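Here is the structure we will look at.
The values are calculated or read from the model by the stated rules, or taken from the named source; none is laboratory data. Given the structure is predicted, the values throughout are model-derived calculations rather than measurements. Neighbour counts are summed over all protein chains in view; Cβ atoms, including those assigned to glycine, are modelled from backbone coordinates with ideal geometry.
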Amino acid sequence: MVTRPIYLDYQSTTPCDPRVLKVMLPYFTEEFGNPHSRSHAYGWKAEEAVDHAREQVAAILSADPREVIFTSGATEANNLAIKGVAHFYKDQKNHIITCSTEHKCVLDSCRHLEQEGFKVTYLPVKSNGLINLEDLRKAITNQTVLVSIMAVNNEIGVIQPLAEIGKICREAGVFFHTDAAQAVGKIPLDVNAMNIDLLSLSGHKLYGPKGVGALYVRRKPRVRLQALINGGGQERGMRSGTLSTPLCVGLGEACALAQTEMRAESIRLKALSARFYKAIQDSLEEVYLNGDADQRIPGNLNISFAHVEGEGLMMGIKELALSSGSACTSASLEPSYVLRALGVEVEMAHTSLRIGFGRFTTEEDVDTAAKMIIKEVGRLRDMSPLWEMSRQGIDIKSIQWAEH
Amino acid sequence: MAYSAKVIDHYENPRNVGSLDAQDAAVGTGLVGAPACGDVMKLQIKVSDQGIIEDAKFKTFGCGSAIASSSLVTEWIKGKSLEEAGEIKNTTIAQHLSLPPVKIHCSMLAEDAIRAAIRDYKEKHPSA
C-alpha cells in the first residue's frame, strides 16, 4: 500500500480544518449571494456572513472589525500595506525600514519601491534571528514613514519583539506594519497593546482555506493607503473586487478556532518539539538549532546536521514531507538567505532542515520522523568526506576549496 | 523534483563507498567541490603496476544526484586504464543518470573528481 509521507511542513501550509470547511460549504451553493448586493436577501445573507467573519478575524487581533480588509492572502496584504502606505504618504516621507530575513514578498515590495525612488533600510539580525532594537532606533529618521518587521519568521520560527518595536515606532510617529502570517493563531497578538498599525495574515497558514488573507489597518490614529486594486470601492476603497464569501467565512472560522485552541495547542506542540529535539540530540552529535531557542513558535525547529547536505538528506527521508535550507535545486545554488543573515556559515546552511509540527501531528509521527532522520543522517555521514575529515580532526576551513 | 530510477538506485545502494589509504603509493586521491557550494566529492583509485584501476572508492557530501554521479563513476572506472578513465565525460554521466539541467554540475564534479584522482596518482609516479 502506498501511504502518504508524514506532513512536517506546517510553515509552508496547513490543511484546511474540516470544521472550517463545514461552515464554508453552504456559501458555495445555497448562500451564493454577492455580499455587496444591497437590494435583496441573497446579498444580505452573504454580507451577514462576511461581517461575522470580519468580527472573528478582528477578535484574534483585539482589533475593531472595521479595521479588517480581506485580501487574497498575506502576499497581497503585505504588498498593500507597504506600497499602499509608501504611495499615499510619498509627498511627505520616503523612507522605509524592514529587515533582511523578511519574506520575499516584503523584500520584493521594498525593492520595487526603491526602483521608484524610495529609500529602504534593511536591518540586520543577530545570530538568534532577532533584530537589535538599538539598530531600529538609529535607523528611524524624520523621513521614515513605515517600519515593516515580521512577527514570526517562516524559516526559523523566531518571534520578533513586537511590543518593543511598536513602542519605538509609536514614539517616533512612524507606522508599524507586521507580516503576521506565521504568527496568527500561534502566539497571542494585540494590535493595541503592541502598537501595531498594519498587520498581514493568511488563511492557509492557520488551517483555513488558501486564497484568502487579511490586512488590519488601524483607524485611530488613522493609517491611509493607496489601493493596489481599483474598482467598485469594496473594503472601504482599499481593495476593490467582490469578496469570496466562503473564503472569508473560512478565514473567520479558522481564526475563531485558533483563538479558542491556541493555549492548549501551544503546550502540546512545545512538548512534541522538545520530544523530537531530545531524540535527535541523544543520538546525533553536531546538530545545531538555528534561531533563538526560546523566542520561537512551538511548532518550528530548524536544525543543521553538520556534514550532511540537506537535499541529499531529504531524498533519504521520502516518507517525511519537510523542507531544507539548502537550495541545490535552485539555479543560484545559494542556500537560505535567512540562515545566511543569521551568520550561519554557507556550508552549515546547506545542512539544514525545517521541521514544522502542527494541529494534526501526533507523538507517533514525531517518533517516526526522529528515528528516520537519525538513521539517514548516520548513513550519509558514513558517506560524507567532510564527516570523515572532521572525525580525523582536520579543519575543513583549512582546505583550499575550489568553489564552483 | 522527481529523480530518475538510476539516481535513486545509486543513492539508496551506493557502490564503492569508503576510503583507501591516501598515503599508499598505488592510490590516487581526488577531492573536488566545496562545502560552501553544497557538494564535495572524494574519489580514490588504486592503480596496478600495469596502469589499470583495480579499485575505486568514493565519499560524497551533496544531493542525491551528486552521490549517484560519484557512485556511478566508481563502477565505470574500475578495470579501465588511466587514459580510458580520463576520457569519461560529464555528458555521458548526466545522460546515463537522466540528470535535469540544474543537476548537470553534479556530473561535471564527478568528471573533475576522476581527473583529480588521476593527477594525484601521476604526481606520485612522475615516470608513469
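Scanning the range B:37-48 finds no residues that are surrounded by fewer than 24 Cβ atoms within 10 Å (Cβ to Cβ), touching a residue at least 40 places away in the same chain (Cβ under 8 Å) and more than 7 Å from chain A (Cβ to nearest Cβ). At least 3 residues that are over 22 Å from A:L380 (Cα atoms) in each: list the helices (runs of 4 or more DSSP H) lying fully within the range B:39-99 that qualify. Per the criteria, B:82-86, B:90-97.
Would you say B:A117 is more than 14 Å from every other protein chain (Cβ to nearest Cβ) and either surrounded by 15 or more Cβ atoms within 10 Å (Cβ to Cβ) or assigned to a strand (DSSP E or B) (or both)? No, not satisfied. Within the range A:344-381, take every residue that is part of a loop (DSSP other than H, G, I, E, B) and modelled with pLDDT of 95 or more and give me the one that is nearest to A:E261 (Cα to Cα). Only one residue tops the list, namely A:R359. Across the range B:57-73, the qualifying residues are those that are in contact (Cβ under 8 Å) with a residue 60 or more places away in the chain and among the hydrophobic types (A, V, I, L, M, F, W, C), and the one among them that is surrounded by the most Cβ atoms within 10 Å (Cβ to Cβ) is B:A68.
Just for the range A:37-49: of the residues that are within 18 Å of A:L251 (Cβ to Cβ) and in contact with a Ser or Thr (Cβ under 6 Å, 6 or more places away or on another chain), which one is surrounded by the most Cβ atoms within 10 Å (Cβ to Cβ)? This residue is A:A46.
Looking across the range B:90-114 at every residue that is touching a residue at least 40 places away in the same chain (Cβ under 8 Å) and away from every other protein chain (no Cβ under 14 Å), the one that is surrounded by the fewest Cβ atoms within 10 Å (Cβ to Cβ) is identified as B:S98.
Please work out if A:I6 is over 28 Å from A:R354 (Cα atoms) and in contact with an Asp or Glu (Cβ under 8 Å, 6 or more places away or on another chain).
So A:I6 fails the test.
Of the listed requirements (1) in a loop (DSSP other than H, G, I, E, B); (2) over 16 Å from the mean Cα position of the chain (by Cα); (3) away from chain A (no Cβ under 11 Å), B:D9 misses just one: (1). Report yes if A:L339 is more than 10 Å from chain B (Cβ to nearest Cβ), in contact (Cβ under 8 Å) with a residue 40 or more places away in the chain, within 24 Å of A:I159 (Cα to Cα) and buried (at least 24 other Cβ atoms within 10 Å of the Cβ), otherwise no. Criteria met by A:L339.
Yes/no matrix, rows are residues, columns are (1) acidic (D, E); (2) surrounded by fewer than 19 Cβ atoms within 10 Å (Cβ to Cβ); (3) in contact (Cβ under 8 Å) with a residue 24 or more places away in the chain:
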position: A:L228; (1), (2), (3): no, yes, yes
position: A:M238; (1), (2), (3): no, no, yes
position: A:E265; (1), (2), (3): yes, yes, yes
position: A:I280; (1), (2), (3): no, no, yes
position: A:L301; (1), (2), (3): no, no, yes
position: A:M315; (1), (2), (3): no, no, no
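Residues that are in contact (Cβ under 8 Å) with a residue 12 or more places away in the chain, polar (S, T, N, Q) and closer than 24 Å to A:T361 by Cβ do not occur anywhere in the range A:23-34.
Residues that are of a type outside the set (K, R) and within 14 Å of the chain's Cα centre (by Cα) within the range B:37-53 comprise B:D39, B:V40, B:M41, B:L43, B:Q44, B:I45, B:I53, listed in sequence order.
The set of residues in the range B:23-36 being more than 13 Å from the chain's Cα centre (by Cα), within 11 Å of chain A (Cβ to nearest Cβ) and within 29 Å of B:P126 (Cβ to Cβ) consists of B:A34 alone.
Identify, from the list A:L284, A:L251, A:L320, the residue that is surrounded by 23 or more Cβ atoms within 10 Å (Cβ to Cβ) and on the phi < 0 side of the Ramachandran plot. Steps first, answer last, please.
Details: A:L284 fails: surrounded by 23 or more Cβ atoms within 10 Å (Cβ to Cβ); A:L320 fails: surrounded by 23 or more Cβ atoms within 10 Å (Cβ to Cβ).
Result of the check over A:L284, A:L251, A:L320: A:L251.
Scanning the range A:280-330 for residues that are among the small types (G, A, S) and either part of a loop (DSSP other than H, G, I, E, B) or within 11 Å of another protein chain (Cβ to nearest Cβ) (or both) returns A:G291, A:A293, A:G299, A:A306, A:G310, A:G312, A:G316, A:S324, A:G325, A:S326, A:A327, A:S330. Taking the range A:238-278 as the range and being hydroxyl-bearing (S, T, Y), over 19 Å from the mean Cα position of the chain (by Cα) and in a helix (DSSP H, G or I) as the test, the residues that pass are A:T245, A:T260, A:Y277.
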